[in-house]
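Colleague: Pasting in a structure now, in structure tokens, and then I'll have a few things to ask.
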């Protein structure tokens with residue numbers, strides 16, 4: 001596809017929301033949103049988590065019905081009572097977790113429910129295989145996939161494409177993709193983009209939901225920004241700058257995401273010497289008081305494993321960890337915590353949060369001594385500790401008793417950070433602290449990291465987003481194959497240099513260096 | 001309180017004021033416990049309506065209480081085990097073993113108090129064994145306690161030579177059948193145990209941490225909790241409680257019998273706990289829920305007897321009740337989860 005010029009001619013609107021509002025209890029998820037989705041155009045739908053993107057998509061998809069306003073599709077007002085109604089007019093949504101039946105083959109998944117494809121009483125294997133090959137060829141997948149490959153053996157990118165193939169079967173007019181690249185490598189993402197461009201050329205209307213500015217820029221013709229349920233921006237992408245989009249999402253100008261003021265690190269606080277586990281080889285590392293050290297590397301480079309080893313979660317085979325000059329005996333995380341280390345792991349839902357428990361309970365989990373007397377919980381003390389952290393971190397929650405599962409990703413991450421701040425740690429290890437959270441919450445977490453450094457906390461930050469790491473860190477340590485392979489001071493930390501180091505020992509594996 | 005000054009607290013107060021009184025009451029009781037209360041009320045209405053002459057007599061109500069005392073103690077302890085992410089199938093066998101050791105100890109020492117303590121001690125040791133096998137041996141709790149169930153049952157037969165051992169001590173007769181201020185002693189024991197468990201799970205750091213390890217072991221470990229120690233502790237508590245339940249049973253029957261407690265007591269305890277809202281995946285469940293589960297089983301048992309439903313049909317009714325309860329809980333979870 002050639003570069004999409006901002007076509008002045010009116011494209012045909014396939015489906016259109018007219019003054020759509022939707023309430024969930026007291027929360028107004030959508031507020032009089034009017035948005036047209038036009039044939040042959042890629043519309044990027046952006047906004048922070050909770051801005052109403054998903055709600056809008058689910059209304060187009062027939063999962064929710066608007067409380068007021070209307071949906072106009074193919075020139076007539078329509079009421080979608082179920083996704084089947086939306087499918088009937090050719091609207092399909094590809095969710096982040098594609099629905100496939102893992103134990104059936106690709107061909108069977110593609111033609112599932114399409115009984116006309118059968119001949120006599122049996123499933124016509126030859127016919128199905130031929131058709132499947134044909135479709136695979138259209139997507140450029142004929143070399144890597146066979147019709148009878150088990151669908152469960154496909155990677156996330158292939159599953160997504162399969163879902164799109166299935167959508168194509170029934171006269172596709174509108175294709176909505178919800179954060180489609182969140183689990184794809186760079187190559188896979190590019191292949192998806194090619195498919196999207198081809199569909200666009202065929203006249204399909206594309207709605208593309210993404211957090212990633214670069215993808216929006218690369219793919220979209222038009223961008224719509226939602227904030228707090230309202231449509232803030234709906235303009236051709238060529239007429240709007242990146243920072244205007246971000247500003248529209250966040251609702252305030254982001255002057256500078258990162259605190260660029262010079263820091264003066266104090267003495268070393270966290271000292272790692274020759275630390276070795278099954279996946280980490282002879283790592284030595286110092287993090288000084290008030291210093292932010294970034295840990296870069298490709299997937300599988302051993303960064304999270306190093307963090308877990310320092311925190312005593314993984315058994316170390318050799319080496320030592322010292323905090324403030326005192327060596328710790330690392331038998332379990334409890335020892336690391338007692339020595340003043342805090343750790344926000346990579347996957348907050350499975351490693352950091354008790355999803356069913358309250359915000360207060362989650363924050364106070366690591367400070368039993370501060371919230372109890374003779375083992376009895378002092379609820380007043382607990383609530384005041386939790387409330388002060390909810391205030392300080394600006395955690396948006398209806399109450400301290402709210403189950404954390406109901407909070408947004410950004411607020412969940414803040415709860416995890418709150419747990420460690422309650423302990424006033426000397427050293428804090430943050431593994432992918434901004435993964436899957438919206439721009440506004442990211443900015444707040446960057447500010448918090450800078451603030452903690454200013455207070456003299458030693459910070460070790462792992463991130464796969466290199467611009468973020470470069471913006472945050474005073475120096476960047478690069479890992480590959482479980483070892484430290486290089487170190488770059490702030491001035492020299494450029495993406496290319498980091499990647500060069502990271503890939504020196506892991507040739508051919510790109511995919512980690514994604515830019516948000 | 002200091003929090004009153006903060007912005008959050010102000011926001012909280014505001015949102016609290018917006019909630020209606022009914023909503024906040026429901027939230028306090030919990031939706032699951034509320035539906036259990038409704039189920040209980042329905043059962044009481046049915047059986048009360050069918051046998052108004054007997055059902056509401058104080059005598060009958062105390063009967064129900066006495067009948068569920070042992071199950072109640074076991075089910076609330078089982079609730080704690082399930083909340084911690086485990087399961088203890090060996091409690092019935094521990095009850096039987098405890099009755100035997102208590103009966104023997106009465107013969108050895110002549111002291112009812114020492115004998116009871118000995119029974120509880122034997123139960124606690126059995127619990128430690130369970131806990132160590134599960135944590136150190138890294139064996140699934142169901143498999144581990146299924147194995148120890150057979151072991152404990154065997155031990156009870158070995159030490160008693162397979163014989164029933166009578167207890168003649170009047171103290172036991174008093175525990176089994178006596179009353180204080182009109183309230184049977186067994187019911188008082190039940191109330192005391194449930195109260196203690198309630199305080200443990202809701203007002204102590206230990207209880208909080210049991211919810212934490214059941215909710216997610218990795219999270220608990222990364223927050224600095226000693227998961228193994230808590231697990232061993234929970235099984236020890238379960239064993240000791242089963243030892244105490246053995247005391248109640250020995251007192252009721254006036255004997256120590258190796259066979260006692262083998263009539264599916266453990267399954268009934270698990271049934272009550274699940275009925276009470278425990279998720280077998282751990283991290284979810286309440287003591288009050290467990291107690292309500294026991295009360296429902298007790299009222300159902302009693303009502304079915306009063307209305308002369310044959311025993312075999314009673315079993316079917318209980319099974320249906322459990323499945324229905326779990327389905328309802330599942331539907332609720334979908335709605336509110």
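The values are calculated or read from the model by the stated rules, or taken from the named source; none is laboratory data. Because the structure is a prediction, the values reported are computed rather than measured. Cβ coordinates were reconstructed from backbone atoms using ideal geometry, including for glycine residues, and neighbour counts include every protein chain displayed.
Colleague: Given the conditions (1) surrounded by fewer than 17 Cβ atoms within 10 Å (Cβ to Cβ); (2) within 20 Å of the chain's Cα centre (by Cα); (3) outside any helix (DSSP H, G or I), which single one is not true for residue A:214?
Modeller: Only one criterion is unmet by residue A:214, namely (3).
Colleague: So for segment A:340-359 (the condition being more than 11 Å from every other protein chain (Cβ to nearest Cβ), under 20 Å from residue A:430 (Cα atoms) and out of contact with any helix residue (DSSP H, G or I) (no Cβ under 8 Å at 6 or more places or on another chain)), does at least one residue qualify?
Modeller: yes
Colleague: Find all pairs meeting these conditions: Cβ atoms under 8 angstrom apart; at least six residues apart or on different chains; first residue within segment A:407-421 and free of Cβ contacts under 8 Å to residues at least 12 places away in the same chain and within 12 Å of chain B (Cβ to nearest Cβ); second residue in a helix (DSSP H, G or I) and surrounded by 24 or more Cβ atoms within 10 Å (Cβ to Cβ).
Modeller: Close Cβ pairs (under 8 Å, with a partner that is in a helix (DSSP H, G or I) and surrounded by 24 or more Cβ atoms within 10 Å (Cβ to Cβ)) do not exist here.
Colleague: From (1) within 29 Å of the chain's Cα centre (by Cα); (2) at pLDDT 90 or above; (3) more than 14 Å from chain B (Cβ to nearest Cβ); (4) surrounded by fewer than 24 Cβ atoms within 10 Å (Cβ to Cβ), pick out the condition that doesn't hold for residue A:298.
Modeller: (2)
Colleague: Sticking with this one: In the set B:168, B:198, which member is at pLDDT below 95 and either within 30 Å of residue B:254 (Cα to Cα) or within 14 Å of chain A (Cβ to nearest Cβ) (or both)?
Modeller: Values: B:198 fails: at pLDDT below 95.
It is B:168.
Colleague: Checking the structure you have, find out if any residue of segment B:229-237 is within 30 Å of residue A:344 (Cβ to Cβ) and without any contact (Cβ under 8 Å) to a residue 60 or more places away in the chain. Write out each step before concluding.
Modeller: Here is the first cut: in segment B:229-237, the ones within 30 Å of residue A:344 (Cβ to Cβ) are B:229-234.
Now narrow it down to the ones that are without any contact (Cβ under 8 Å) to a residue 60 or more places away in the chain: B:229.
Yes, the conditions are met somewhere in segment B:229-237.
Colleague: If I filter segment A:316-324 for residues that are closer than 25 Å to residue A:435 by Cα and more than 9 Å from chain B (Cβ to nearest Cβ), do I get at least one hit? Lay out the reasoning, then the answer.
Modeller: Initial filter on segment A:316-324 (closer than 25 Å to residue A:435 by Cα): none.
No: segment A:316-324 contains no residue that is closer than 25 Å to residue A:435 by Cα and more than 9 Å from chain B (Cβ to nearest Cβ).
Colleague: Separate question: If you take the residues in segment A:375-401 that are more than 7 Å from every other protein chain (Cβ to nearest Cβ) and farther than 27 Å from residue A:438 by Cα, which one is surrounded by the fewest Cβ atoms within 10 Å (Cβ to Cβ)? Steps first, answer last, please.
Modeller: Taking segment A:375-401 first, the residues more than 7 Å from every other protein chain (Cβ to nearest Cβ) are A:378-379, A:381-382, A:385-386, A:389, A:392-397, A:401.
Within this subset, residues satisfying the condition of being farther than 27 Å from residue A:438 by Cα are A:378-379, A:381-382.
On the way: A:378: 15, A:379: 13, A:381: 18, A:382: 24.
Once the filter is applied, the top-ranked residue is A:379.
Colleague: Scan segment A:135-180 for residues that are free of Cβ contacts under 8 Å to residues at least 40 places away in the same chain and in a loop (DSSP other than H, G, I, E, B) and report the count.
Modeller: Matching residues across segment A:135-180 total 6.
Colleague: Could I ask something else about it? Please determine whether any residue of segment A:39-57 is at pLDDT 90 or above, surrounded by fewer than 21 Cβ atoms within 10 Å (Cβ to Cβ) and within 24 Å of the chain's Cα centre (by Cα). First the steps, then the outcome.
Modeller: If we filter segment A:39-57 for residues that are at pLDDT 90 or above, which is where we start, we get A:39-45, A:56-57.
Among the residues that remain, those that are also surrounded by fewer than 21 Cβ atoms within 10 Å (Cβ to Cβ) are: A:39-40, A:57.
Those still in the list that are within 24 Å of the chain's Cα centre (by Cα) too: A:57.
Yes.
Colleague: If only one of B:208, B:138 is part of a helix (DSSP H, G or I), free of Cβ contacts under 8 Å to residues at least 40 places away in the same chain and under 30 Å from residue B:286 (Cβ atoms), which one is it?
Modeller: Values: B:138 fails: part of a helix (DSSP H, G or I).
Being part of a helix (DSSP H, G or I), free of Cβ contacts under 8 Å to residues at least 40 places away in the same chain and under 30 Å from residue B:286 (Cβ atoms) holds for just one of B:208, B:138, which is B:208.
Colleague: Looking at segment A:238-246, is at least one residue touching a residue at least 40 places away in the same chain (Cβ under 8 Å), part of a strand (DSSP E or B) and surrounded by fewer than 22 Cβ atoms within 10 Å (Cβ to Cβ)?
Modeller: no
Colleague: Going by the conditions given, is residue B:293 touching a helix residue (DSSP H, G or I) at 6+ places or on another chain (Cβ under 9 Å), crowded, with 24+ Cβ neighbours inside 10 Å and facing another protein chain (nearest Cβ under 10 Å)?
Modeller: On the way: touching a helix residue (DSSP H, G or I) at 6+ places or on another chain (Cβ under 9 Å): yes; crowded, with 24+ Cβ neighbours inside 10 Å: yes; facing another protein chain (nearest Cβ under 10 Å): no.
When the stated conditions are applied, residue B:293 does not pass them.
Colleague: Shifting gears a bit: Filtering segment B:59-116 down to residues that are free of Cβ contacts under 8 Å to residues at least 60 places away in the same chain and outside any helix (DSSP H, G or I), which residue is nearest to the chain's Cα centre (by Cα)?
Modeller: Ranking the candidates gives B:111 first.
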